[in-house]
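> Below is the structure I would like to discuss, written out as C-alpha cells.
Read-outs throughout are calculated quantities, based only on the coordinates presented, and are distinct from any laboratory measurement. Only a predicted model underlies this, so the values are computations on that prediction, with no experimental measurement involved. Because the Cβ atoms are built from the backbone with ideal geometry, glycine has one as well, and the counts that use them run over all protein chains shown.
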Amino acid sequence: AAMELKDGTIVTGKNSPLMHAASALVLNAVKRLADIPDRIPLLSPSILESVGALKERIFGSRSVSLDLSEVLICLSINAATNPMAQLALDKLPELQGAEVHITHIPTPGDDSGLRRFGINLTTDPHFATKHLFVG
C-alpha cells in the first residue's frame, strides 16, 4: 500500500502477521508527519498480542492480523500511556484528502477506516485472501 501525503511524500505499508497493509501505511504516515523515527514503536506488543488472541480464540478468526479500524483503537489506547502514540494520534486529521493505492481489495475494516479520513482510495481488482467466506 502507498500513500501520497499533501507535501508529495510517498509513504508505504505492507502486510505482516500483525497488521494489514492499510494499518501499517497509516501508522507510517502519521509517524512521518510527526517526525517520529521508525525505530520507535507506537503500539504496545502486549496490546497487539491481546487483540490478536481475542480475534483467534474468541472470534475464531483465521488471521490475527489487525485491520485499520482495530489498529486505530489500539493506537488510541496506547496514547493514554505513550506520548509518541498521542503525537501520532494528533496527526491523523492531516491524512484527510491523501491519495492511497492498495494492491488488493481492502477488508471492510480497512475500507471504513480509510473512508472515515476522507482518503481517496484506488485498488487493484484482487482479493487479499482466498478465504472469502466466514465459516
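> Across the range 44-70, which residue is nearest to the chain's Cα centre (by Cα) among those that are within 18 Å of Thr107 (Cα to Cα) and small (Gly, Ala, Ser)?
Out of the qualifying residues, it is Ser69.
> Which of (1) in contact (Cβ under 8 Å) with a residue 40 or more places away in the chain; (2) under 15 Å from the mean Cα position of the chain (by Cα) is the odd one out, the single condition Val11 does not satisfy?
Every condition holds for Val11 apart from (1).
> While we're here: Please determine, by comparing only the residues of the range 17-43 that are in contact with a Leu (Cβ under 8 Å, 6 or more places away or on another chain) and among the small types (Gly, Ala, Ser), which one is nearest to Asp111 (Cα to Cα).
Restricting to residues being in contact with a Leu (Cβ under 8 Å, 6 or more places away or on another chain) and among the small types (Gly, Ala, Ser), the top hit is Ala22.
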